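**Q** Please see the structure below; I have some questions.
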Amino acid sequence: MAIAARFHDGLVAEVEAVELEYQAMGAVGTLVIRRSGDGAELGRWPANTLYALHGRRDELRLGANGQPAGARVVVEGQHDVARVLATLPVLTEKRRQEAGRQVRLAVTATVALAAVIAAYLYGVPLLASRIVGMVPAAWEASLGETVAGQMEASLGESGGLQLCDANPDSLANRAIARFGAEALAGSGSPFDLDIRVVRSDIPNAFALPGGQVFFFSSLLEQAQTQDEFAGVLAHEIGHVAYRHGMEQLISTAGTGALIGFILGDMTGLSVAAGLGATMIDARFSRDAERQADAFAAQVAQRLDFNPAGLADLINRVGADDEFARALALLNTHPLTEDRKAALEILSQQRPTGLEPPFTAAEWRAIRSMCGATPAAEPRTKTK
Amino acid sequence: MVWGGTEEKPVPVKFTGMRRELGGMLLRGYLLLLPTIGLYRFWLTAWKRRFYWSHTEIAGDPLEYTGHAMQLLLGFLMALAVFVPLYGLFFYLSTLSSQAAIVGYGGVGVLLWFLTGYAIYRARDFRLSRTLWRGIRCDQGGSAWNYAFRRFFWSLLVIVTAGLAYPFMSANLWAYRYRNSWYGDRQFGFVGSWRQLARPFYLAYGIVVVIGAIGLGLAAPMGALDSPPNPAGFPPLLVAALLIGLVFLYYRSRELTEMFSSVRLGGAALTVKVRARGLVWQHALFGLGLVGSYILLAIGGVVVLGIVAGTAFAGGQFDLDIFMQHMQGSLITLLAIIFGYLLILAAFSLMVELFLGLGLWTLVARGATITGLNSLRTVRARDEDKALAGEGLADALNVGAY
């Protein structure tokens, strides 16, 4: 018995009520489409050219290769659809093949994307340092100036970053500059160091692209020994030597692009983009911190200070709390205790008989350059 | 011939999609986004469109969406070719001096705004050229660059005139879109003009200004605008914002009604009635759905935390230290944060799709009737348009609609 259907020939926007008939002649059957009523034949579609398109439930939309792209036979009703599918197993088979093809495409694309992400995670630290090598030193230095200017502007409420000791020829400044030059010697860095000890209530020290290093007075005040001060300073000089600031800029840009690709939002404004980028960049940043720590340990092979003091100072100003530990993957710095352990291993076999980084008089001058009392008040760990 | 009668009755458009079906499809899609690192979104978009198209029925024949996920994926990859240089430019600008960077960012922002117009038009081209009805494909001509320029300069004018030029811009862009749309070999027409929008728009504009002024006038003496703001002054602002939202929905319903009802296709004419209360109702449902799903998520979150870190809640009190000890394993905490965030995001986008997306489509489709449908029987198919691969920029710029 013929099955009722609707027919579009794909040439004219007309709809015909038709009756479908299946003729099994030879190896390949044929779907015969006849107009209802007068029985005029509107088309003969070989069964092996047929394919099913997506339609509603209980609606079967058929197209055929070799016919106009829009030509359709539409069967409606659960019963009739089941009959057609039973008569033409090729439809189910092709649908299954198509589903399999889509799954393979999705899997391939996913694997490709996963490979890109993996290559990114492992490649960027390598690549970034290569790219940094191509960045002209003068450009990086001017970039550092820009950043410093922006920072001064944002901290500008308290009159910018005021130098503790404006005289570059003072005992303290000369000692610091000498230490910097010795630490950077042999690293092949194209930059001239500019170490500035500035007044700030924030216990912090950092290096900007292009060789500027800032050491805040609050951190200096909390340093109890030369080891601690020299350790932190050598660490920051390590950032300069490795051009980490520039590297970080490059990898941040790359991460933003990658996350945007994954989320399909190239503007990167969503929280997910921010969180994902933070996670990846934090990973790169932790690597950079470890590298700078190792640099400090190398400097300590030439000058007599214990680089582990750097971890002591950091621990004093801000011990890792439970929260930092819990969120260690989002943290830009390794946990202090891990760093200390690593530094202690690195500083185990230091040669003896080295010069201390600062003489006693120099260290006193450094301690008092920001106006604090030179006598180190005993401090207990606050946290 | 099935449709023998010559007397023409307006044919209502039917929409048979159920919220449950779309919801199930979306949930399944969101789950698949996880293992595919987000790539399944292209397949999900294709499925979603098949749902909308196939449930929209005109005179017994539903629309058919013939696009594939792979085309969207390819388009997205091509859009990256535009974005990577832009990214490089962005990066370079961020390293320049402050003023240069600000000027540069502004320039890139303007460029993106311009490109958005191009992207919108191309995306519409893609959707139309993959829309089939009665075996005949729709299409869009015109130039995406032309559209981008129009939209860009109109929007500048709208900004300069504090919004007063909007009806002109809107009518102009609607006209450009529809006058360049095709069904087979027949071109769409558009008979609307800014005059139809002027009255509702300037009325809404005036009301918004008055409500805003009253809201600010009431809130300012109560200290809502001081710094720090005084929360006592917020209620008038909130009420004003709510009323402005209602006025906005009123205008939106008028614009949709007037503009869609100006669409012609040869002898066929579209009439659409979108009622403001329908839009308001959909938004109210959306608000309720959002609040409901977030309450559900919050309860679920507490239950999960209670199981994972039960001792932290011992004795009816929350102990942060014990809680943090439970969270020690960095990876687990991080996964919990990410998963929680994804759930919140998924709930939001689900509610947007289920209530705002589906709601608007339903309102427009069910409010639509078509006269002169018989005149379309002589429309013939045009050659295949295979030039387009995906929507590219629209995906990258996140301006896709449906």
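**Q** Taking the Cα centre of the protein assembly as shown as origin and charging only Cβ (+1 Lys, Arg; -1 Asp, Glu), how large is the dipole, in debye to the nearest 20? It would help to have the intermediate numbers written out before the result.
**A** Values: 67 positive and 64 negative charges, 687 e Å.
Approximately 3300 debye in magnitude.
**Q** Can you pull the one-decimal nm distance between simple spin-label points at B:Arg28 and B:Arg179, each 7 Å off the Cα toward Cβ?
**A** So the label points at B:Arg28 and B:Arg179 sit 4.4 nm apart.
**Q** Looking at region B:113-216, which chymotrypsin sites (Phe, Trp or Tyr not before Pro) are in a loop (DSSP not H, G, I, E or B) and have at most 15 other Cβ atoms within 10 Å?
**A** Numbers: sites: B:Trp113, B:Phe114, B:Tyr118, B:Tyr121, B:Phe126, B:Trp133, B:Trp145, B:Tyr147, B:Phe149, B:Phe152, B:Phe153, B:Trp154, B:Phe168, B:Trp174, B:Tyr176, B:Tyr178, B:Trp182, B:Tyr183, B:Phe188, B:Phe190, B:Trp194, B:Phe201, B:Tyr202, B:Tyr205; in loops: none.
Sparse-neighbourhood loop chymotrypsin sites (Phe, Trp or Tyr not before Pro): none present.
**Q** While we're looking at this one, here's another question. Rounded to the nearest 500, what is chain A's calculated 222 nm mean residue ellipticity when only DSSP H runs of at least 4 contribute -39500 (n - 2.57) each, over all residues?
**A** Details: 12 runs with 193 residues, N = 383.
Rounded to the nearest 500, the figure is -16500 deg cm²/dmol.
**Q** Here's something else I'd like to know. Residue by residue through B:85-91, how many Cβ atoms from other chains fall within 10 Å of the Cβ on average? Let's see the in-between values first.
**A** Values: counts 0, 2, 7, 2, 0, 3, 7.
The shielding value for this peptide is 3.
**Q** Under the definition of Cα pairs under 8 Å and six or more residues apart, what whole-number percent is the relative contact order of region A:33-151?
**A** Values: 78 pairs, mean separation 16.3, N = 119.
The value is 14 percent.
**Q** Pop a pseudo-label 7 angstrom from the Cα along the beta-carbon direction at both B:Tyr105 and A:Leu127 and give the gap in nm to one decimal.
**A** Rounded to a tenth, the inter-label distance reads 2.6 nm.
**Q** Let me ask something else about it. How far, in degrees from 0 to 90, does helix B:194-219 lean away from the longest principal axis of the Cα atoms of chain B, to the nearest 10?
**A** Roughly 20 degrees, rounded to the nearest 10.
**Q** Another question about this same structure. Taking 0.36 nm per residue of separation and subtracting the Cα-Cα distance, what length does fully extending A:Ala341 through A:Ala153 add? Write down the numbers at each step before the final one.
**A** Working: separation 188, 0.36 × 188 = 67.68 nm, distance 3.80 nm.
Result: 63.9 nm gained on full extension.
**Q** When the helices in chain B are scored as -39500 (n - 2.57) per DSSP H run of 4 or longer and the sum is shared across all residues, what 222 nm value do you end up with, to the nearest 500 deg cm²/dmol?
**A** -21000 deg cm²/dmol
**Q** If you don't mind, there's one more thing I want to ask. So how tilted is helix B:144-160 from the main axis of chain B? Cα-based, degrees 0 to 90, rounded to 10.
**A** 60 degrees
**Q** Give me the inter-chain shielding for B:367-380: mean count of other chain Cβ atoms within 10 Å, whole number please. Could you put the intermediate results ahead of the total?
**A** Working: counts 0, 0, 0, 0, 0, 0, 1, 0, 1, 3, 4, 3, 4, 3.
Counting Cβ atoms of other protein chains within 10 Å of each residue's Cβ and averaging gives 1.
**Q** For helix A:137-154, report the angle its Cα long axis makes with the longest principal axis of the Cα atoms of chain A; keep it between 0 and 90° and round to the nearest 10°.
**A** Result, in degrees: 80.
**Q** Taking each residue in A:4-14, count the Cβ atoms of any other chain within 10 Å of its Cβ, then average. What number comes out?
**A** If you average over the peptide's residues, the count of other-chain Cβ atoms is 6.
**Q** Moving on. Sequence gap at least 6, Cα distance under 8 Å: using those rules, report the relative contact order of chain A to the nearest whole percent.
**A** On the way: 543 pairs, mean separation 43.8, N = 383.
Reported as a whole number, the value is 11 percent.
**Q** Does region A:3-87 classify as rounded, prolate or oblate by the C-alpha gyration tensor (a ≥ b ≥ c root eigenvalues; a/c under 1.5 gives rounded; else a/b over b/c gives prolate, otherwise oblate)?
**A** Numbers: a/c = 1.17, a/b = 1.02, b/c = 1.14.
Verdict is rounded for region A:3-87.
**Q** While we're on this one: For chain A, modelled as a GNM with alpha-carbon contacts under 10 angstrom, which of A:Asp201, A:Asp287, A:Asp165 fluctuates the most?
**A** Comparing A:Asp201, A:Asp287, A:Asp165 in a Gaussian network model of chain A, the most mobile one is A:Asp201.
**Q** Could you calculate the FRET efficiency of B:Phe234 with B:Tyr294 from 1/(1 + (r/R0)^6), where r is the beta carbon distance between them and R0 is 25 Å, rounded to 0.05? Could you put the intermediate results ahead of the total?
**A** On the way: r = 21 Å, r/R0 = 0.84.
For R0 = 25 Å, the calculated efficiency reads 0.75.
**Q** Turning to a different aspect of this structure: Answer with one residue from B:Leu243, A:Ser368, B:Gly141: the one whose Cα lies farthest towards the positive end of the charge dipole of the protein assembly as shown, charges on Cβ with Lys, Arg +1 and Asp, Glu -1.
**A** Farthest along the dipole direction, towards plus: B:Gly141.
**Q** Apply 1/(1 + (r/R0)^6) to the Cβ-Cβ distance of A:Ser187 and B:Trp113, taking R0 = 41 Å, and write down the FRET efficiency to the nearest 0.05. Write down the numbers at each step before the final one.
**A** On the way: r = 46 Å, r/R0 = 1.12.
For A:Ser187 and B:Trp113, the calculated efficiency is 0.35.
**Q** Among A:Ala288, A:Ala241, A:Ala24, determine the one that fluctuates most according to a GNM of chain A built with springs between C-alpha atoms less than 10 Å apart.
**A** In the Gaussian network model the winner is A:Ala24.
**Q** Pick out which of B:Ile337, B:Ile211, B:Ile58 has the largest mean-square fluctuation in a Gaussian network model of chain B, springs linking Cα atoms closer than 10 Å.
**A** B:Ile337
**Q** Sticking with this one: Each label point is 7 Å from the Cα along the Cα-to-Cβ direction; what then is the distance between the points at A:Ala17 and B:Leu356, in nm?
**A** Spacing of the two 7 Å Cα→Cβ label points: 4.5 nm.
**Q** Using 19 Å as the cut-off for backbone N distance, which residues of region B:54-84 belong to the label zone defined by a point 7 Å from the Cα of B:Lys9 along Cα→Cβ?
**A** Counting only backbone N, you get B:57-62.
Throughout, read-outs are computed from the coordinates displayed, never taken from laboratory work. Computed from a prediction, not measured in an experiment: that's the story for all the values here. Positions of Cβ are backbone-derived with ideal geometry, glycine not excepted, and every protein chain shown enters the neighbour counts.
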